[in-house]
Amino acid sequence: MSLSLCVAQLNPTVGDFSGNVRRIVEAARQAHAQGAQLVLTGEMSVCGYSPADLWLRPAFVQACEEAVDAIAAELADLPDLTVVVGHVSGQADIRTRSVSVQQRSNVVTALRAGQRIASYAKQQLPNYQLFDEQRYFAPGSDSCVIEVQGVRVGLVICEDSWFDAPAQQAVAAGAELIAVLNASPYHMGKSRDREKRIASLAALVQRPVVYAHMVGGQDEAVFDGGSFAVQADGSLAGRAASFAEDNWLVQLQQQGDRLNLAASTAATFERDGQIGLPPYQYGYSSAEVWQALVMGTRDYVRKSGFSDVLIGLSGGMDSALVLAIAVDALGADHVRTVMMPSPYTADISLIDARDMAERVGVRYDELLIQDTFEQFRSTLAPLFEGRAEDTTEENIQARVRGTLLMALSNKFGSLVLTTGNKSELSTGYCTLYGDMAGGFAPIKDVLKTQVFALARWRNAHDPFGTGSNPIPERIITRPPSAELRPDQTDQDSLPPYEVLDAIVMRYMENDVPVAELLAQGLPAEAVDKVTRLIRISEYKRQQAAIGVRISHRSYGKDWRYPLVNRFREAV
């Protein structure tokens with residue numbers, strides 16, 4: 001008994017049915033030419049993941065069903081090939097202004113000889129982090145086992161594999177191989193968690209398991225690929241490429257009384273970074289995070305229909321890192337930078353901004369904002385009479401810059417990338433309609449301490465061939481500053497970033513109580529300040545651009561706090 005299967009690890013776009021169909025058909029034909037008899041795609045491979053409330057629209061569901069039939073028809077001339085695709089299916093939900101009853105399902109369907117031969121409905125519907133599938137789907141209850149070349153293959157979908165019952169149910173129905181079709185969003189450490197869980201599941205059910213993943217960016221989510229296969233004893237049989245489309249072949253052979261898998265194994269990313277303080281300290285791979293940031297930025301820009309981006313350079317660390325990401329994602333010809341110095345901009349900031357733009361080969365312009373800033377002050381002077389200057393004047397500078405960038409965006413059709421990081425967004429150390437103005441935030445989920453680590457990693461590596469050492473060393477080593485008043489540094493207003501980030505990781509990402517933060521030895525003054533700033537800055541975050549998610553909890557779909565909130569956590 002033998003079976004040649006292929007995981008078509010594809011990068012779909014939500015709602016691009018013709019494009020997604022073409023990708024699946026081309027991958028299936030290529031796999032067939034290489035001898036594959038079974039092709040596995042990712043969860044929702046036909047419509048992309050996640051369509052969110054598009055799943056509620058009857059026309060979207062109908063288009064998805066028609067796309068499944070189109071794939072079957074396109075591959076009807078290959079009757080010895082079975083292709084499993086993911087899609088939404090079912091009747092329209094029962095919806096009134098007051099109630100909604102889900103009747104649709106998250107399904108995978110096996111296609112052969114132009115026909116649908118079997119379908120499986122996902123049983124475990126996730127409702128955490130980025131997921132809210134219980135809003136859209138009714139859970140399935142039945143197993144699905146298909147036979148391909150004499151091998152009985154049990155189908156399950158993503159979240160099902162984190163529970164024992166669906167795979168056990170498939171084995172009880174005769175499955176000799178478990179195939180898991182997935183759309184599992186990336187966060188740091190997730191790939192290791194997946195492989196560990198699937199190894200445990202395979203050993204439990206004593207069946208080999210193939211984990212078919214997707215790849216690409218969709219809104220804030222990044223899907224990292226890295227499909228893999230494990231033997232019945234839980235040992236790794238092989239792994240596909242990460243952060244890249246891949247037609248990955250897996251061979252299944254009968255060896256004695258067991259079915260064994262054989263496949264190529266792509267390298268994993270070595271952990272070389274460390275963030276936070278004990279006991280919430282963890283390691284991460286800078287290379288892996290960089291790939292996620294680049295892929296998330298590239299796919300958001302291109303899938304949204306843009307070709308070029310704009311970045312406001314400051315000569316500081318955050319805008320430098322965003323520039324390096326953008327060049328790796330899109331190429332220097334598609335990135336334009338603008339430096340907008342004010343009276344408080346240091347000479348070395350201008351020098352470093354020019355230096356970096358030249359290093360990476362992007363267009364660089366300078367727009368002086370002093371005259372515009374003074375005009376604002378003059379206009380407001382009668383109303384501000386008798387009041388000292390404060391953050392109002394600082395924010396005016398940021399808003400002048402934001403206005404200029406958005407004017408360039410409107411005129412030239414380029415997308416503005418904002419440059420704020422997670423530490424700033426947590427504490428509100430950013431200006432609405434100023435440095436927050438833009439369409440996408442590449443480092444929105446990157447803590448400031450990690451910003452510096454990634455900058456050093458990128459200077460030492462050139463993963464996309466755009467040039468090594470893109471960031472001038474002085475940008476990395478000088479104290480960070482918004483440069484909105486004389487001699488300003490970030491630590492005039494914020495705790496040291498090592499302390500700030502440790503609080504954010506515990507309080508925001510892991511819901512650690514304030515009392516426990518203090519018990520862990522974090523400074524009481526810093527804890528009080530940071531948790532207060534997190535609470536009162538929600539109105540800013542809810543108006544911020546979306547950005548790439550790299551942590552298990554980002555300021556996106558998995559952070560849902562009220563704007564009006566008088567709760568104060570007791571110490």
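The values are calculated or read from the model by the stated rules, or taken from the named source; none is laboratory data. All figures in this text were calculated on a predicted structure; none of them were measured in a lab. Here the Cβ positions follow ideal geometry from the backbone for every residue, glycine too, while neighbour counts run over all protein chains shown. Calculation scope for accessible area: heavy atoms of the full protein, side chains included, ligands and nucleic acids excluded. Shrake-Rupley method; radii C 1.70, N 1.55, O 1.52, S 1.80 Å.
From the list LEU201, LEU125, which residue is touching a helix residue (DSSP H, G or I) at 6+ places or on another chain (Cβ under 7 Å), in a helix (DSSP H, G or I) and at pLDDT 95 or above?
The unique qualifying residue is LEU201.
Regarding THR372, is this residue hydroxyl-bearing (Ser, Thr, Tyr) and in contact (Cβ under 8 Å) with a residue 12 or more places away in the chain?
When the stated conditions are applied, THR372 passes them.
Would you mind stating whether GLN123 is open to solvent by 50 Å² or more (accessible area, probe 1.4 Å) and not acidic (Asp, Glu)?
No; evaluated as a whole, the condition is false for this residue.
Tell me which strands (runs of 3 or more DSSP E) are completely within segment 268-324 and hold 3 or more residues being surrounded by 24 or more Cβ atoms within 10 Å (Cβ to Cβ) and at pLDDT 95 or above, or say none if there are none.
309-313
Here is a list of conditions, (1) assigned to a loop (DSSP other than H, G, I, E, B); (2) open to solvent by less than 50 Å² (accessible area, probe 1.4 Å); (3) under 20 Å from GLU424 (Cα atoms), and GLY467 meets all of them except one; can you say which number that is?
GLY467 satisfies every listed condition except (3).
Return the residue satisfying two criteria in turn: it lies in segment 1-26 and is assigned to a helix (DSSP H, G or I) and small (Gly, Ala, Ser), and of such residues it is least open to solvent (accessible area, probe 1.4 Å).
Going through the qualifying residues, I end up with GLY19.
Please verify whether ILE117 is surrounded by fewer than 16 Cβ atoms within 10 Å (Cβ to Cβ) and either assigned to a strand (DSSP E or B) or basic (Lys, Arg) (or both), treating the condition exactly as stated.
Judged against the criteria, ILE117 is a match.
Scan segment 330-352 for residues that are farther than 21 Å from TYR300 by Cα, open to solvent by 20 Å² or more (accessible area, probe 1.4 Å), among the hydrophobic types (A, V, I, L, M, F, W, C) and outside any loop (DSSP other than H, G, I, E, B) and jot them down.
Correct list: ILE348, LEU350, ILE351.
Across segment 478-529, what is the number of residues that are part of a helix (DSSP H, G or I), open to solvent by 60 Å² or more (accessible area, probe 1.4 Å) and basic (Lys, Arg)?
Of the residues in that region, 1 qualify.
For segment 180-211, enumerate the residues that are among the hydrophobic types (A, V, I, L, M, F, W, C) and within 24 Å of the chain's Cα centre (by Cα).
Matches in segment 180-211: VAL180, LEU181, ALA183, MET188, ILE198, VAL210.
On the basis of being among the small types (Gly, Ala, Ser), open to solvent by 10 Å² or more (accessible area, probe 1.4 Å) and either in a helix (DSSP H, G or I) or touching an Asp or Glu at 6+ places or on another chain (Cβ under 7 Å) (or both), does ALA407 make the cut?
So ALA407 fits the description; yes.
Looking at segment 353-388, which of its residues are under 17 Å from ASP435 (Cα atoms), open to solvent by less than 40 Å² (accessible area, probe 1.4 Å) and either out of contact with any helix residue (DSSP H, G or I) (no Cβ under 8 Å at 6 or more places or on another chain) or not in a loop (DSSP other than H, G, I, E, B) (or both)?
Within segment 353-388, ALA353, PHE373 qualify.
So the check is Cβ under 6 Å with 6+ separation or different chains; which pairs have a first residue in segment 184-209 that's at positive phi and a second one that's aliphatic (A, V, I, L, M) and open to solvent by 40 Å² or more (accessible area, probe 1.4 Å)?
Note: no pairs meet the criteria.
Please tell me if LYS557 is over 28 Å from the mean Cα position of the chain (by Cα) and either farther than 18 Å from VAL451 by Cα or open to solvent by 60 Å² or more (accessible area, probe 1.4 Å) (or both).
no
Considering only segment 230-261, how many residues are surrounded by fewer than 18 Cβ atoms within 10 Å (Cβ to Cβ), of a type outside the set (Gly, Ala, Ser) and at pLDDT 95 or above?
Total meeting the criteria: 4.
Which numbered condition in (1) open to solvent by 20 Å² or more (accessible area, probe 1.4 Å); (2) in contact (Cβ under 8 Å) with a residue 40 or more places away in the chain; (3) in contact with a Phe, Trp or Tyr (Cβ under 6 Å, 6 or more places away or on another chain) is the only one that ARG399 fails?
If we test ARG399 against (1) open to solvent by 20 Å² or more (accessible area, probe 1.4 Å); (2) in contact (Cβ under 8 Å) with a residue 40 or more places away in the chain; (3) in contact with a Phe, Trp or Tyr (Cβ under 6 Å, 6 or more places away or on another chain), just (2) comes out false.
Evaluate the following for THR391: is it out of contact with any helix residue (DSSP H, G or I) (no Cβ under 8 Å at 6 or more places or on another chain), open to solvent by 60 Å² or more (accessible area, probe 1.4 Å) and modelled with pLDDT under 95?
yes
Out of ASP193, ASP142, ASP160, which single residue is assigned to a helix (DSSP H, G or I) and surrounded by fewer than 19 Cβ atoms within 10 Å (Cβ to Cβ)?
Only one candidate passes the filter, namely ASP193.
Among the residues of segment 276-286, are any in contact (Cβ under 8 Å) with a residue 40 or more places away in the chain and touching a His at 6+ places or on another chain (Cβ under 6 Å)?
Among the residues of segment 276-286, not one is in contact (Cβ under 8 Å) with a residue 40 or more places away in the chain and touching a His at 6+ places or on another chain (Cβ under 6 Å), which makes the answer no.
Please indicate, with yes or no, whether at least one residue in segment 70-89 is at pLDDT below 95, assigned to a loop (DSSP other than H, G, I, E, B) and either surrounded by fewer than 22 Cβ atoms within 10 Å (Cβ to Cβ) or among the aliphatic types (A, V, I, L, M) (or both).
Checked against the condition, which is being at pLDDT below 95, assigned to a loop (DSSP other than H, G, I, E, B) and either surrounded by fewer than 22 Cβ atoms within 10 Å (Cβ to Cβ) or among the aliphatic types (A, V, I, L, M) (or both), segment 70-89 yields no hits at all.
So the check is Cβ under 9 Å with 6+ separation or different chains; which pairs have a first residue in segment 146-167 that's more than 17 Å from ALA110 (Cβ to Cβ) and a second one that's open to solvent by less than 10 Å² (accessible area, probe 1.4 Å) and aromatic (Phe, Trp, Tyr)?
SER161/TYR211
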